Amino acid sequence: MENSSWRAPLLWRILLAASRVVVFPLCRLRVTGTVPADLAGGPVILAANHVSPFDPLVMVAASHKAGLTPRIMATGGVFDAPVLGWIMRRCGHLRVDRNTVHAANALETAGKALTENAMVLVYPEGRIGLDPWMWPERGKTGVARMADISGAPVVPVAQWGAHAVLPYEAPKRMARPLLRALLRRPVVQVNFGVEVDLSGVSGSAGARAMQATRLIMEGIDAALTPLRAGEMQTPRFVDRSRPADMSRVRPRQA
């Protein structure tokens, strides 16, 4: 029996279109790359880096521009918010209760979404990255486990520039950054990369997850590199509210 395909609810399709209207006055969105047609129908996992609280809105607008309707995996706190939580549930997005006894449920929920041929967007770092040079930090193994269990391909997605719109500390002290963004409209870029080749991953489930996570993060690096031309080490725009954390810094291929 074939699995039924998930269809994005009307509310989600409306919000996808509306996101580009919201983003337009705050930045100049540039989208490059694509998800191949044979993958776009799902199931597929989009694995993106995370640099700013503005990232989700950027990814929603970029997805609409690319003709994609992903289901987003988001922290449980978002679903508990009075209005936003209802919207997230109504749109079919997926809850992740990190650091709780329910955290493992996210894999089952994502697996079910993938069996419905959905496209699932997830941030493998599990938080806004705190690498001092703003490269993707060491990823969690959840995305790799999702791919291993479901067999769904993983497409890396790199985004860059959202930190010039909203700082790490948002929603605190948002007025000045938003005014600056309205006046300057910084360029924010999203690049859909090349499917990660996980065919060589082997060993126990844990070993496969570690190998695949490394390959996925390297795929995001590769997609991010062309977006950071001229700022491969120190970003041109430095978010002063963003703390540095060396504990999850990972080596990168030159």
Query - Choice from Met210, Met174, Met73 showing the highest fluctuation, given a GNM over the chain with Cα pairs closer than 10 Å - result: Met174
Query raised in the report: Mind checking which of Thr32, Thr234, Thr75 has the largest fluctuation in a GNM of the chain, springs on alpha carbons under 10 Å?
Result: Thr234
Report task. Run through all the Cα pairs of the chain and give the fraction in each 5 Å bin from 0, expressed as whole percent. Result -> 1, 6, 13, 18, 21, 18, 13, 7, 2, 1, 0, 0
Report summary line: Computed curve, segment 5-109, Cα-only Debye sum without solvent term, log₁₀ I(q)/I(0) at 0.16, 0.19 Å⁻¹, is -0.80, -1.13
Report summary line: Under the helix-only model (-39500 (n - 2.57) for each DSSP H run of 4 or more, divided by the residues of the chain), the mean residue ellipticity at 222 nm, to 500 deg cm²/dmol, is -10500 deg cm²/dmol
Query raised in the report: What Kirkwood hydrodynamic radius, in Å, does segment 1-58 give when the mean of 1/r is taken over all pairs of distinct Cα atoms and then inverted?
Result: 14.2 Å
**Report entry** Percent of beta bridges antiparallel (DSSP, the chain, rounded to nearest 5)
**Finding:** 15 percent
Requested in this report: Note down the Stokes-Einstein diffusion coefficient of segment 43-179 in µm²/s, whole number, using a Kirkwood radius over alpha carbon pairs, 37 °C, and 0.692 mPa s.
Outcome: 210 µm²/s
Query raised in the report: Which lysines have a Cα less than 30 Å from the Cα of Lys112, not counting those fewer than 8 places away in the same chain?
Result: Lys65, Lys140
Query raised in the report: Rg and Dmax of segment 58-125, Cα atoms, in Å?
Result: 12.2, 37
Query raised in the report: More than 16 Å apart: what percent of Cα pairs in segment 165-254 qualify?
Result: 70 percent
Report task. List the GluC sites (Glu not before Pro) within segment 105-163 that fall in a DSSP loop (any state other than H, G, I, E or B) and whose Cβ has at most 11 other Cβ atoms within 10 Å. Result -> none
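We did not get these values from a lab; they are worked out from the coordinates using the rules stated. Source: prediction; values computed, not measured. Heads up, the Cβs are rebuilt from the backbone with ideal geometry, glycines too, and the neighbour counts pull from every protein chain shown.
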